[in-house]
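> Here you go, one structure.
Only the coordinates and a few stated rules stand behind these numbers; no lab work does. All values derive from a computational prediction rather than experimental measurement. So basically every Cβ, Gly included, is an ideal-geometry build from the backbone, and we count neighbours across all protein chains shown.
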Amino acid sequence: MEVRESSKTDSNLFAKRSVNEVCQDCFSTESDRIAETGEKFMEYFARNASSDGVLFKTIKEITKEIEIPHQSLTRVLKVLEDKKVIYRRNGIIGLWSE
């Protein structure tokens, strides 16, 4: 899935790179299950984030909507934070600007 500039999220990250490229970079050393969960989350994020690259959802809401285990999503978010792709603050998940 490629996210274009006309997409809801106008972040530099998604304007220059596809979700698959981000996932390959971030999850190459993780298990297949985490990589698959990461791709699901990134696609969900691209569809549901605001135009500023911010997602106003709790982990509980996200796991229910995309039907993935809480522990797997937590691991995915931790990896994305460590790679400086996203940040988390009090109920929001946002993209780091490049």
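> So for the pair K83, S18, with labels modelled 7 Å out along Cα→Cβ, what separation do we get in nm?
Label at K83, label at S18, 1.5 nm between them.
> List the relative contact order of the range 12-95 as a percent without decimals, with contacts defined as Cα pairs under 8 Å and 6+ residues apart.
Numbers: 73 pairs, mean separation 25.1, N = 84.
Relative contact order, the range 12-95: 30 percent.
> Determine by what factor the alpha-carbon radius of gyration of the range 12-95 differs from 2.2 N^0.38 Å, reporting the quotient.
Working: Rg = 11.6 Å, N = 84, 2.2 N^0.38 = 11.8 Å.
Its radius of gyration relative to the 2.2 N^0.38 Å reference: 0.98.
> With +1 on each Lys and Arg Cβ and -1 on each Asp and Glu Cβ, and nothing else charged, work out how big the dipole of the range 12-95 is about its Cα centre, in Debye to the nearest 20.
Details: 14 positive and 13 negative charges, 62 e Å.
Here the range 12-95 has a charge dipole of around 300 debye.
> With θ set to phi - 60° and the Karplus curve 6.51 cos²θ - 1.76 cosθ + 1.60, what are the ³J(HN,Hα) couplings of the range 66-77 in order, to the nearest whole Hz, using x for Gly and Pro?
10, 6, 10, x, 4, 4, 5, 5, 4, 5, 4, 5
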